[in-house]
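Undergrad: Before anything else, here's the structure in question.
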Amino acid sequence: MQPIGDRGGAVAFKGRFGGAAVACVRLTGGAEARDSAAAARLAGVAAALRPLTHPHLVKVFGAAQVLAADDAGCGLFLVTALVGYRDLGRFASSSAAFTMPEFCRCARELLKALVYLHGQGFGHGAVRPSNVLVESNGARTLRLAGFGPWTRKVGTEAAEAELLSAAAPFLAPELRSSGATAADPRAADTFALA
């Protein structure tokens with residue numbers, strides 16, 4: 001697989017899946033990648049996300065566990081659509097700034113993606129600039145990426161536990177308190193956009 005960049009600390013590689021070019025995002029490596037329970041959990045997340053289709057969400061196709069003789073070659077991967085992109089953090093620091101009308105249009109795109117995701121019963125839980133991709137298609141279309149093991153149906157125990165360890169700067173204040181036990185990733189999604 002050919003490295004194509006990173007998405008918020010997760011390295012992305014260009015690969016092939018069902019004959020199509022895809023992005024294989026390495027979510028974890030080393031000894032963690034050998035954990036069969038983690039691999040099964042990621043496969044379950046990928047299966048739950050696979051039916052979701054929205055023009056401003058990066059399409060998820062599946063998950064893969066790669067095992068090797070040494071831990072360095074191991075990895076858990078989320079297989080997604082290959083998007084010609086730059087993440088929003090890098091894009092914003094470049095000279096290609098948004099005009100105000102573009103900014104408003106792109107903000108609406110991101111909101112529509114989250115409304116769809118929330119309407120399907122999912123919270124993202126990690127909305128941050130590195131997980132918002134700016135497609136280089138001339139129109140500067142945004143796509144929300146960064147799906148990983150934290151993406152869960154709202155109200156599940158796993159979503160509550162993992163949301164609290166997600167990107168703290170983007171976590172809603174009420175969810176940061178040590179007593180937060182019923183964390184809803186939709187609140188964090190909303191806070192991250194504010």
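Undergrad: Provide a single number: the residues in segment 10-41 that are within 15 Å of the chain's Cα centre (by Cα) and over 19 Å from residue 82 (Cβ atoms).
TA: Number of matching residues: 1.
Undergrad: Quick one: residue 38 ticks every box in (1) open to solvent by 70 Å² or more (accessible area, probe 1.4 Å); (2) modelled with pLDDT under 85 bar one, so which box is it?
TA: Status for residue 38: all satisfied but (1).
Undergrad: Sticking with this one: From the list 166, 172, 145, 183, pick out the single residue that is at pLDDT 80 or above, buried (at least 19 other Cβ atoms within 10 Å of the Cβ) and of a type in the set (A, V, I, L, M, F, W, C).
TA: Numbers: 166 fails: at pLDDT 80 or above; 172 fails: at pLDDT 80 or above; 183 fails: at pLDDT 80 or above.
Step by step, each of 166, 172, 145, 183 is checked, and only 145 is at pLDDT 80 or above, buried (at least 19 other Cβ atoms within 10 Å of the Cβ) and of a type in the set (A, V, I, L, M, F, W, C).
Undergrad: Go through (1) in contact with a His (Cβ under 9 Å, 6 or more places away or on another chain); (2) open to solvent by less than 40 Å² (accessible area, probe 1.4 Å) for residue 112 and report which single condition fails.
TA: (2)
Undergrad: Tally the residues that are touching a strand residue (DSSP E or B) at 6+ places or on another chain (Cβ under 8 Å) and either farther than 15 Å from residue 55 by Cβ or not aliphatic (A, V, I, L, M) (or both), restricting the search to segment 114-124.
TA: Summing the residues that are touching a strand residue (DSSP E or B) at 6+ places or on another chain (Cβ under 8 Å) and either farther than 15 Å from residue 55 by Cβ or not aliphatic (A, V, I, L, M) (or both) in segment 114-124 gives 5.
Undergrad: Same structure again: Can you spot a residue in segment 99-108 that is more than 23 Å from residue 193 (Cα to Cα) and small (Gly, Ala, Ser)?
TA: Of segment 99-108, the ones more than 23 Å from residue 193 (Cα to Cα) are none.
Within segment 99-108 (the criterion being more than 23 Å from residue 193 (Cα to Cα) and small (Gly, Ala, Ser)), the answer is no, since none of the residues qualifies.
Undergrad: Considering 43, 68, 96, 47, which residue is aliphatic (A, V, I, L, M), exposed (fewer than 14 other Cβ atoms within 10 Å of the Cβ) and assigned to a helix (DSSP H, G or I)? Before the answer, list the steps.
TA: Numbers: 43 fails: exposed (fewer than 14 other Cβ atoms within 10 Å of the Cβ); 68 fails: assigned to a helix (DSSP H, G or I); 96 fails: assigned to a helix (DSSP H, G or I).
Only one candidate qualifies: 47.
The values are calculated or read from the model by the stated rules, or taken from the named source; none is laboratory data. Here the structure is a predicted model, which means the values were calculated and not measured. All Cβ positions, even for glycine, are placed from backbone atoms using ideal geometry, and neighbour counts span all protein chains on display. Ligands, DNA and RNA are excluded from the accessible area calculation, which covers all protein heavy atoms including side chains. Shrake-Rupley method; radii C 1.70, N 1.55, O 1.52, S 1.80 Å.
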